Every structure is written in structure tokens, then in C-alpha cells.
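The structure appears right after this line, and notes come after that.
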Amino acid sequence: DITDTFEAIPVSFIGDYLAFYKKGHDVITATKIIDGTSETIEIKPAEKLIEGDFVIVCEAEQELIKEIADKILEKSKLGEQRSLSKMWKETLDMELLFKTEDEIIDTIVNNGCNKGITTIKQWFTDETRISPKDEEDIIAIGKATNDLLLLEKEKSVFEAGKYVRNAHIQAGKFLSAKLKKDISEELISSGKIDPYNIWKPVSLDIEDIGIIKILKVIDISDTVIIDSSNANKLLVDE
């Protein structure tokens, strides 16, 4: 299944941190503020990163995006779409009380799902996943679990997932804009970071956002094939 793995750029940071960025994935950098060539944060695709760049990572980013997305949904009178979009996941969680994960996966595949095993496993474990990408997957889950209510509502559940996903995209853009403004002001006012002599992550506490880390890139390796569950997030290099 092509959705299970893809090419990614391994980026190593000071402090034993590592990230595998998919090409085209946007990262927020503070390089130009720190070296004094600009007063604004820059967003650039991962493949444009170079050694010595400073990447900004928000520790609570996923929780924040969810909170902002829920506010966007409420404002659009779509607040109920969040709970509706979770029906497929609640069905899987309920089924786990009676069957093993592998048994459920086999039944889902036998009911017409053409996704790879790794992708289906992520439906159980990835708490940030809003919904499967294809309507047929929700139908397969409904059939595999004999959930008649899910089968009856599958179109609404699938549409709800699209509303929620769109709200998350809007929330991400809002958060990026706020980070750009607030971190720029914070870094300019502190003015203490020497780009040539920084060997540990810089942490800042940004109002309404929480702790963010500024990490210096120390190495960028050739692209590798990785599991999609490890993509675009900060990992500890052990």
C-alpha cells in the first residue's frame, strides 16, 4: 500500500532530536531572526532546510490545533461534526473489547478494504487521525463490526470527517500566523541567541500556545523510506 511508506528527509538537531520530513512539508524557521537578517519567521519546505537553520517546534501543537479547530467548528455551527466524525473509531474501540486487533483487521480486509496492514493498524493507534481517507473504508469497518448504525450513517460520518479535517487545516494556518508574530517579538526582545554557539534547544513559553522549542539543524541526510507514522514529527534519536 503506497500510503504506508514514503520518501522522507532525515534531519538531525542539537539535543539528540531527529525528524523525518516528507518533501513539501512546511517547517517554521527562525534562522533569519537569530542571525539578524530579518524580523520575521520564515516558513519553508523541508527540502530547503540547510545545516545551521533553526526550526521551531510547538510541543502542544496537536492539542492546540484541535482546540482552535473546535472553536472554528462551533463558530460555523458545525460543533456536532466532531463527535459524528469519531463514530468509526468508537466502533473499532468497542470491537477491541471482544476481538484482537489482528482479527478485526482480517475482517476489515475481507469486507472490501484495500488499505495496507500498516495503515489499518494506525486507525487503532493514531489518536490524531480524524477519519479514514476513503468512504469505502468506513463501510468496511461497519460491515466488519456489524455496526448497523455506522452503516446507516456512513455518508454523514465521512462528510463530518471532511469538515473536521478542513477546520484543522484552518487552525494550523492560524497557529502558524500567531507563532510567526509572537516568536518574532519574543526573539527580537530577548536578542540573546548566538547562532554560532548554541548547542542545546532554546525553549520559549508563548502566551496561549505554551512551550515551543527552537532547534538547530546539525545534519541533513539522504532521503530514506520510512513508515508514515514517523513522518513530520519530532523524535528523540536514541
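In the chain, what % of DSSP beta bridges are antiparallel (nearest 5)?
Working: 32 of 33 bridges.
Of those bridges, close to 95 percent are antiparallel.
Per residue of the chain, what 222 nm ellipticity follows from adding -39500 (n - 2.57) for every DSSP H run with n ≥ 4, rounded to the nearest 500?
Working: 8 runs with 106 residues, N = 238.
Only helices count here, giving -14000 deg cm²/dmol.
So between residue 146 and residue 125, what do we pick up on full extension, going 0.36 nm a residue minus the alpha carbon distance?
5.4 nm
Taking amide H positions as placed 1.01 Å from N in the peptide plane, with prolines and chain starts having none, which residues 5 or more places from residue 40, or on another chain, fall under 5 Å of its amide H?
none
Give me, ordered by chain and number, the residues 5 or more places off residue 233 or on other chains with an amide H under 5 Å from its own placed amide H.
For residue 233, whose amide H was placed from the backbone, the distant partners under 5 Å are 20.
I'd like the carbon and sulfur percentage of the solvent accessible area for segment 113-185, probe radius 1.4 Å, heavy atoms only, ligands and nucleic acids excluded.
Numbers: 1950 of 3750 Å².
Carbon-and-sulfur percentage of accessible area, whole number: 52.
Taking 8 Å as the Cα distance limit and 6 or more residues as the minimum spacing, I'd like the relative contact order of the chain as a percentage.
40
Between [x] 1.04; [y] 0.93; [z] 0.99, which entry matches Rg/Rh (Cα atoms, Kirkwood Rh) as derived from the coordinates of this structure?
Of the listed options [x] 1.04; [y] 0.93; [z] 0.99, [x] comes from this structure.
In whole angstrom, note down how far apart the Cα centers of segment 68-83 and segment 150-166 are.
Between the Cα centre of segment 68-83 and that of segment 150-166, the gap is 14 Å.
Enter the accessible area per residue of the chain (Å², integer; probe 1.4 Å; all protein chains in place).
Each residue of the chain exposes 56 Å² on average to a 1.4 Å probe.
So, counting K/R as plus one and D/E as minus one, what does the shell of residues with Cβ under 10 Å around residue 144 add up to?
After counting each charged neighbour, the total is -2.
The values are calculated or read from the model by the stated rules, or taken from the named source; none is laboratory data. This one's a predicted model, so the numbers in the text were calculated from it and none came from an experiment. We place every Cβ from the backbone using ideal geometry, glycine too, and count neighbours over all the protein chains shown. Areas reflect the complete protein model, heavy atoms only, side chains present, ligands, DNA and RNA absent. Shrake-Rupley method; radii C 1.70, N 1.55, O 1.52, S 1.80 Å.
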